[in-house]
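A quick write-up on the structure given underneath.
The values are calculated or read from the model by the stated rules, or taken from the named source; none is laboratory data. Every value quoted in this text rests on a predicted model; they were computed, and no experiment measured them. Cβ placement follows ideal geometry from the backbone for every residue including glycine, while neighbour counts extend to all protein chains displayed.
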Ligand code: IVH
């Protein structure tokens, strides 16, 4: 037994270290395969020995189940904000005030102001205990499960000398790369993209499902320690300590000794920040000496020893030539401004986003106007204002379109949405083409050889009217088309035919029901294993499925209420596309004839996974406890009603560990068999 514990500890230590090398130092120290092998070994040991469970284990960094509600936790030390300055003059005023009050030569530590969301990480005896958002500054939300998935944040500290209790403060942010990937995925399922990386980071941190958080590529940078006694004499040394303990800190920190040096730092980063892989919205200037910080103190809101300088979002003025209206796959209309080309933040800008009708009206933007374009936290520049002095005399107010520019259908606007939509889903060309392009995409049916342009070409030639038409294509149809030789035509037809092997969960994602992304499709397919059952499901049944809320349920119902979709699915069925989950061979008969109810959330598995396990071992999953129930599989936060009924009826209550024992601790097998 001791041996096992030692093995587990060893693997955890090694994996923690490898995470540090990879995520903090950017210097991978092992092959991916080796890392994966150790992770699998640790997961297996932990599954077989629940007595050695530890929430800080590296195996928990992929996230797990739902957090229903975030606990409110008080900060032991308040989380203050920063006073903002916007000009060189204001920064000089700050320095003059500090110099006056301290009456000694003062060093300033300059850093970047990361544009994310503030976090406080509590460590006790060098171990991560919890992560809490800023909230109102005195108390915030406990988001530990989500923060554990950010692998640059250490779960146990390196070195020594840390206080027995400390709160490490910093910023959680979303690097540009993760942000772009996330927004592309959202566009894929017809979700509104996040406006900027800050909103994306804050939104992600409040996700209820930490497994979703794990995939979104958040990162963290730490810049302060709060403890009963300071950990160093200066802020600069504090940052060094943080680095020694394994935290990621900013590499742009600089000690400055005069207003000149500070201004040079600001001017440098105002330009150089555009090259950084993350967003910064300013610089922070902090008195370096901790003793002087204490002397200077704080107001109720912000320390008096620090100030933020906000970079100006870069702007340029240019002329608005025309406005295009793009129609997306889901019918969403996006107005796009065509501009006279202008240089802005290192690139030439020709197009800018106008967001929606309301914004155009609010700013009274007109074609021909001299408009101010800004590139702030957003990737795509946006129009933020109009120079009325330059408005041509003949200009007329902008009239937003009322009909779809592609198919002429009157546009609709749902109550709580800013965007207009073209409701003609099955008849509007860019929506049809967009859906087919989505269907064949890598993450969906992965039909190679067919690109966006070929799909457009086939559509233009009347060969593709919807997804199901793909299966009617013949080599002879394709060969005469420009750019397509016989070889590629044969390839395409072959790949389409091969796509009938794609499992049902992916098909469900591929058909493009609005809001049904990859994960939702997987959960739906696990809970409701055929498209016929899905079509027959009531709103209540849909809501029972993990991750399915009102918006998704309504969208599924609306999809199947459209006769054309049902008819199209029938043609997919005739083509042999997988419209039901394939029954998997039983792993054992350990639960043969047993009826099991699942309630609460679990450490090792999600509920769909447990449900699948029950079935793979011959049992049946029930939704409510009755006399016929054999076991109530109880997790944390179990429904009190279920517990009470089970106790009253004498139903045996089992934990996840007991359940795993009953089926022979098949942790690893499950991971392989639940891949959809
Ligand atoms: S120091 C008591 N340093 O900006 C001092 N804050 O506008 C508190 N922020 O809530 C903060 N980068 O979320 C500090 N290098 C940095 C920062 C930084 C970003 C955020 C932080 C704070 C907000 C205040």
Quick one: which of 311, 325 is touching a strand residue (DSSP E or B) at 6+ places or on another chain (Cβ under 8 Å) and within 16 Å of the ligand (Cβ to nearest atom)? 311
When residue 286 is run through (1) more than 12 Å from the ligand (Cβ to nearest atom); (2) modelled with pLDDT of 95 or more, the failure sits at (1)
Looking at the structure I just gave you, is residue 131 part of a strand (DSSP E or B), touching a helix residue (DSSP H, G or I) at 6+ places or on another chain (Cβ under 8 Å) and either modelled with pLDDT of 95 or more or surrounded by fewer than 23 Cβ atoms within 10 Å (Cβ to Cβ) (or both)? yes
Please report, ordered by residue number, the strands (runs of 3 or more DSSP E) entirely within segment 259-336 with at least 3 residues that are over 30 Å from residue 514 (Cα atoms) and touching a helix residue (DSSP H, G or I) at 6+ places or on another chain (Cβ under 7 Å). 280-287
Being at pLDDT 90 or above and either within 25 Å of the chain's Cα centre (by Cα) or at positive phi (or both) is true for just one of 440, 496, 467. Which residue is that? 440
Residue selected from segment 227-240 under the condition within 15 Å of the ligand (Cβ to nearest atom) and assigned to a loop (DSSP other than H, G, I, E, B), by the criterion farthest from residue 145 (Cα to Cα): 230
Return the residues of segment 79-111 that are surrounded by fewer than 15 Cβ atoms within 10 Å (Cβ to Cβ), away from the ligand (no atom under 14 Å from the Cβ) and part of a loop (DSSP other than H, G, I, E, B); say none if nothing qualifies. 87, 103, 104, 105
So if I check each of 69, 124, which one is surrounded by fewer than 19 Cβ atoms within 10 Å (Cβ to Cβ), over 25 Å from residue 174 (Cα atoms) and either more than 11 Å from the ligand (Cβ to nearest atom) or at pLDDT below 90 (or both)? 124
Residues of segment 625-653 being within 34 Å of the chain's Cα centre (by Cα) and outside any helix (DSSP H, G or I), in sequence order, are 632, 633, 634, 635, 636, 637, 638, 639
Residues in segment 283-334 that are surrounded by 15 or more Cβ atoms within 10 Å (Cβ to Cβ) and at positive phi: how many? 1
Counting only helices (runs of 4 or more DSSP H) wholly inside segment 512-551, the ones holding at least 3 residues that are closer than 26 Å to residue 184 by Cα are 518-527
Conditions first: (1) in a strand (DSSP E or B); (2) surrounded by 14 or more Cβ atoms within 10 Å (Cβ to Cβ). Residue 340 passes all but one, so which condition is the exception? (2)
Extreme residue, surrounded by the most Cβ atoms within 10 Å (Cβ to Cβ), among residues of segment 134-156 that are in contact with a helix residue (DSSP H, G or I) (Cβ under 9 Å, 6 or more places away or on another chain) and farther than 19 Å from residue 216 by Cα: 155
Against the condition over 23 Å from residue 233 (Cβ atoms) and in contact (Cβ under 8 Å) with a residue 40 or more places away in the chain, how does residue 190 come out, does it pass? yes
Can you tell me which residues in segment 204-226 are within 16 Å of the ligand (Cβ to nearest atom), assigned to a helix (DSSP H, G or I) and farther than 24 Å from residue 77 by Cα? 204
If I go through segment 172-203 residue by residue, how many of them are within 16 Å of the ligand (Cβ to nearest atom), buried (at least 22 other Cβ atoms within 10 Å of the Cβ) and not in a loop (DSSP other than H, G, I, E, B)? 5
Within segment 140-171, track down each residue that is more than 16 Å from the ligand (Cβ to nearest atom) and over 22 Å from the mean Cα position of the chain (by Cα). 156, 157, 158, 159, 160, 161, 162, 163, 164, 165
Which residue, of 604, 610, 591, is touching a helix residue (DSSP H, G or I) at 6+ places or on another chain (Cβ under 8 Å) and outside any loop (DSSP other than H, G, I, E, B)? 610
When residue 401 is evaluated against the numbered criteria (1) at pLDDT below 90; (2) in a loop (DSSP other than H, G, I, E, B); (3) out of contact with any helix residue (DSSP H, G or I) (no Cβ under 6 Å at 6 or more places or on another chain), which criterion, by number, is the only one it fails? (1)
